[in-house]
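The values are calculated or read from the model by the stated rules, or taken from the named source; none is laboratory data. Everything numeric in this text was worked out from a predicted model, so none of it was measured. Every residue, glycine as well, gets a Cβ built from its backbone with ideal geometry; the counts of neighbours run over all protein chains shown. Heavy atoms of the whole protein, side chains included, go into the accessibility calculation; ligands, DNA and RNA do not. Shrake-Rupley method; radii C 1.70, N 1.55, O 1.52, S 1.80 Å.
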Amino acid sequence: MTANPALVRRAQPWLGTFVDIQAAGREAGPAVAAAFEAVAAVHSLMSFHDAASDVSRLNKAAAGAVVDVDARTWEVLDCALRLSRQTDGAFDVAIGHVLRRQGYLPGGGAGTDAGTDGGAYGDYRDLALMPGNRVRLSRRVCIDLGGIAKGYAVDCAVAALRGFDVTDGLVNAGGDLRAFGAPQPVRVRHPARPALAVALPDLDNLAAATSSGYYTQDLDGRGGVDPLVDPRGQTCLNWADSVTVVAPDAMRADALTKVVKLKGRECEPLLLALGAQALIIEAGEESAGSARIVLYGKELLRWT
Amino acid sequence: MKHAAWILMPVAAISTSVYATTYFTVEQVQQAIFPGARLTPANVTLTDPQKAEIERRSGVNVLHREVRAWKVAGGGWLLVDEVYGKHEFITYALGLNADGSVRQVEIMDYKESYGYEVRNPAWRHQFVGKTAASPLKLDQDIKNISGATLSSKHVTDGVKRLLATVAVALK
């Protein structure tokens, strides 16, 4: 624990990564405890591995089924489907079967693309959100919320923290982070050299998410394949540069990193419409001692 | 089409040896998971048959035989364990309820090391600025890192191993 008695900082494993939560203020202790409960709830609802999660129940449902889900799952799907429509399917949570086949999710093996009814899995267009937190499936799906649930969990944790008497806080779920209160210092790892980092301007009540390839290896230990699936090509991509998206909330930042990686500058209008900024840290080492960062979207950060 | 803006930012080393965050000491984590409870040390050293049985039940290898455990008055256990990733070393605590279910997992200490690279002068030299002879700076102020997901699989595997350990060697 730090020397500042009013600062509480803890970390627990959730969502397949480490969630680090810190808060300062009179009720920092109970605030952080409540924030972890919020993260645990999102984990339980959206886990691909847990048979009782909303995600598993959706993935087991037959074509034509209407599935009741938690309001939080519905909210994440709502954001995901909007983004799918805005990007023509470049962002699509219904790609779990490809991740499974590549070994990034369990259950892989020959023939796992087909649902038991013999048809291939549907895509985002086969999911329809209905009132009362229900989801109708026109085809069987295999959804994975890994590209958006961490960001959402961060937002839920921040909301939980702010329900208490705290002045500042930061929630970091495996590199998807969001700060509130006083501006917070953030570093982004250099894509080619994880021991090096670049300092961003302090994050002033914003979220940042980073997508890059250096921690990703599949279960066979084959290096270098980033499990970023191009839904249109249905394969996993390899990408050396690092994409950081800064946005007002972490769910948006998290989901947009995937879109920016796939579409690059083409998504500048979308970034502007969603109030987000993309930072591409280039992996090349030509500029010794410094990293080149390409910026587009809304200018949220103040560089000095 | 607007030209992309770009900016050149200095890179700094996260650490010359180890980047670490300490969250809890043993005394602090006991209070965090079992506030106000009386804990009695119950350390054991695993025998060969116990090690084999734990590995069989959990599917996870046992790397060291010393088990750091405390029995909680009224039921429950606290264990402190360590796991190693490729560059990471993590100490964590697991609290179990009286019925054997997981009560809480808290990271106590996180260390990562790419130090073997950063300590090597030849490796550092490539980052010397072209106009200045300044060495690669060490960033002293790192608290929050945004980056790709570090997997917590080692810890969740460790929890599986500890659950089997309690069943095999502590009950």
Just one listed residue, out of A:Ala114, A:Ala128, A:Ala197, is loosely packed, with under 15 Cβ neighbours inside 10 Å and at pLDDT below 95, and it is A:Ala114
Taking segment B:63-99 and the residues there that are farther than 13 Å from B:Arg161 by Cβ and within 12 Å of another protein chain (Cβ to nearest Cβ), the one that is surrounded by the fewest Cβ atoms within 10 Å (Cβ to Cβ) would be B:Lys86
Taking first residues from segment A:175-194 that are at the interface with another protein chain (Cβ under 7 Å from one of its Cβ atoms) and within 14 Å of A:Leu301 (Cβ to Cβ) and second residues anywhere that are open to solvent by 10 Å² or more (accessible area, probe 1.4 Å) and small (Gly, Ala, Ser), the pairs with Cβ under 8 Å that are 6 or more apart or on different chains are A:Pro185/A:Ala199; A:Val186/A:Ala199; A:Arg187/A:Ala199
Those residues of segment B:31-54 which are touching a residue at least 60 places away in the same chain (Cβ under 8 Å) and under 22 Å from B:Asp99 (Cα atoms) amount to B:Ala32, B:Ile33, B:Phe34, B:Ala42, B:Val44, B:Gln50, B:Glu53, B:Ile54
When segment B:38-60 is checked residue by residue, the ones that are in a loop (DSSP other than H, G, I, E, B), under 15 Å from B:Asp157 (Cα atoms) and of a type in the set (A, V, I, L, M) are B:Val60
Expected single match for more than 30 Å from B:Ile142 (Cβ to Cβ), assigned to a strand (DSSP E or B), at pLDDT 90 or above and among the hydrophobic types (A, V, I, L, M, F, W, C) among A:Val93, A:Val67 is A:Val67
When segment A:251-293 is checked residue by residue, the ones that are in contact with a Phe, Trp or Tyr (Cβ under 7 Å, 6 or more places away or on another chain), within 12 Å of another protein chain (Cβ to nearest Cβ) and under 15 Å from A:Ser211 (Cα atoms) are A:Lys261, A:Ala278, A:Ile293
Scanning segment A:171-187 for residues that are outside any loop (DSSP other than H, G, I, E, B) and surrounded by fewer than 24 Cβ atoms within 10 Å (Cβ to Cβ), the one modelled with the lowest pLDDT turns out to be A:Arg187
When segment B:61-100 is checked residue by residue, the ones that are in contact with a Gly (Cβ under 6 Å, 6 or more places away or on another chain), in a strand (DSSP E or B) and not acidic (Asp, Glu) are B:Leu78, B:Val83, B:Leu96
Within segment B:8-53, of all residues that are open to solvent by 40 Å² or more (accessible area, probe 1.4 Å) and modelled with pLDDT under 85, the one farthest from the other protein chains (Cβ to nearest Cβ) is B:Ala20
Taking segment A:157-170 and keeping only residues that are outside any helix (DSSP H, G or I) and within 23 Å of the chain's Cα centre (by Cα), one is left with A:Asp168, A:Gly169, A:Leu170
If you go through A:Val8, A:Val39, the only one that is within 23 Å of B:His154 (Cβ to Cβ) and in contact with a helix residue (DSSP H, G or I) (Cβ under 7 Å, 6 or more places away or on another chain) is A:Val39
Over segment A:289-304, the set of residues out of contact with any helix residue (DSSP H, G or I) (no Cβ under 6 Å at 6 or more places or on another chain) and not in a loop (DSSP other than H, G, I, E, B) is A:Ser290, A:Ala291, A:Arg292, A:Ile293, A:Val294, A:Leu295
The condition from (1) within 20 Å of the chain's Cα centre (by Cα); (2) within 14 Å of chain B (Cβ to nearest Cβ) that A:Ala23 misses is numbered (1)
